[in-house]
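In what follows, a single structure is set out as structure tokens and then discussed.
The values are calculated or read from the model by the stated rules, or taken from the named source; none is laboratory data. Source: prediction; values computed, not measured. Cβ placement follows ideal geometry from the backbone for every residue including glycine, while neighbour counts extend to all protein chains displayed.
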Amino acid sequence: MLLVANGFVEQPATELFTRHNRALFNFLAWLCEGNLSEAEDLAQKTWVKLMTRCSDYRPGQATFTSFLFQIARNGWIDIRRSAYHTTSVALDDAHLQLPDDDLSTEQLTMLGQQQHRVRAAVMALPHAQREVVVLRFFAELSMEEIAQVIDEGFETVKSRLRYAFAKLRLSLDATQ
């Protein structure tokens, strides 16, 4: 099936899914504070919603990735508005990038500890700052794309990242 409706995109849906689903899921896992089943549900709902919103996409105004992430973020906001979810599951290391096989056991242990510190520091950020950090570094969106996803100005995104970096630096320096 092609998502060519109204000039949307010229790639098969499976190719779009393969290319974007991992980043989408990771973004949602961070938004859902580690609740992986909620992130999976939201990712599925995002892809379904995308099929119904094809005509809303304007290639000149936004990239496909920012359009997709905006749908995901809006779905997450809708769920938060309807009911507050208090259950949380820790993010599995299986969802993090795996290190090279060449690392020693000691290096793997140190890497795992470092990942844990970074994850804890990011999760401790205020939501607005955590969201831009996750979109920038885990979903690899540009600053312009982040501004489109969160429907804020470019300068607001820059400011949130700057404040987030300052807090992360303090937090990570304190844990070393």
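Among residues belonging to the stretch 95-117 that are surrounded by 14 or more Cβ atoms within 10 Å (Cβ to Cβ) and in contact with a helix residue (DSSP H, G or I) (Cβ under 8 Å, 6 or more places away or on another chain), point out the one that is modelled with the highest pLDDT. That would be 117. Take the residues of the stretch 118-151 that are under 16 Å from residue 72 (Cα atoms) and surrounded by fewer than 18 Cβ atoms within 10 Å (Cβ to Cβ): which is nearest to the chain's Cα centre (by Cα)? Top of the filtered list is 138.
Somewhere in the stretch 65-82, is a residue in a loop (DSSP other than H, G, I, E, B) and within 20 Å of residue 135 (Cβ to Cβ)? For the stretch 65-82, residues in a loop (DSSP other than H, G, I, E, B) and within 20 Å of residue 135 (Cβ to Cβ): absent. Pairs meeting the criteria (first residue in the stretch 44-59 and more than 18 Å from residue 27 (Cβ to Cβ), second residue small (Gly, Ala, Ser) and in a helix (DSSP H, G or I), beta carbons under 6 Å, at least 6 apart or on different chains) are 54/5.
Looking across the stretch 9-42, the residues that are exposed (fewer than 15 other Cβ atoms within 10 Å of the Cβ) and farther than 14 Å from residue 139 by Cβ come down to 10, 12, 13, 14, 15, 18, 37, 40.
Which residue is modelled with the lowest pLDDT, if the candidates are limited to the stretch 5-59 and must be polar (S, T, N, Q) and either in contact with a strand residue (DSSP E or B) (Cβ under 9 Å, 6 or more places away or on another chain) or farther than 20 Å from residue 80 by Cβ (or both)? Spell out how you get there, then give the answer.
Kept after step one, since they are polar (S, T, N, Q), are these residues of the stretch 5-59: 6, 11, 14, 18, 21, 26, 35, 37, 44, 46, 52, 55.
Remaining after also requiring either in contact with a strand residue (DSSP E or B) (Cβ under 9 Å, 6 or more places away or on another chain) or farther than 20 Å from residue 80 by Cβ (or both): 6, 11, 14, 18, 21, 52, 55.
Working: 6: 47, 11: 63, 14: 81, 18: 88, 21: 91, 52: 86, 55: 79.
Per the criteria, the residue is 6.
Just so you know, in the stretch 48-62 the residues that are of a type outside the set (Val, Ile, Thr) and part of a helix (DSSP H, G or I) include one that is surrounded by the most Cβ atoms within 10 Å (Cβ to Cβ), and it is 50.
Just one residue in the set 90, 62 is modelled with pLDDT under 85, within 22 Å of residue 147 (Cα to Cα) and out of contact with any strand residue (DSSP E or B) (no Cβ under 9 Å at 6 or more places or on another chain); that residue is 62.
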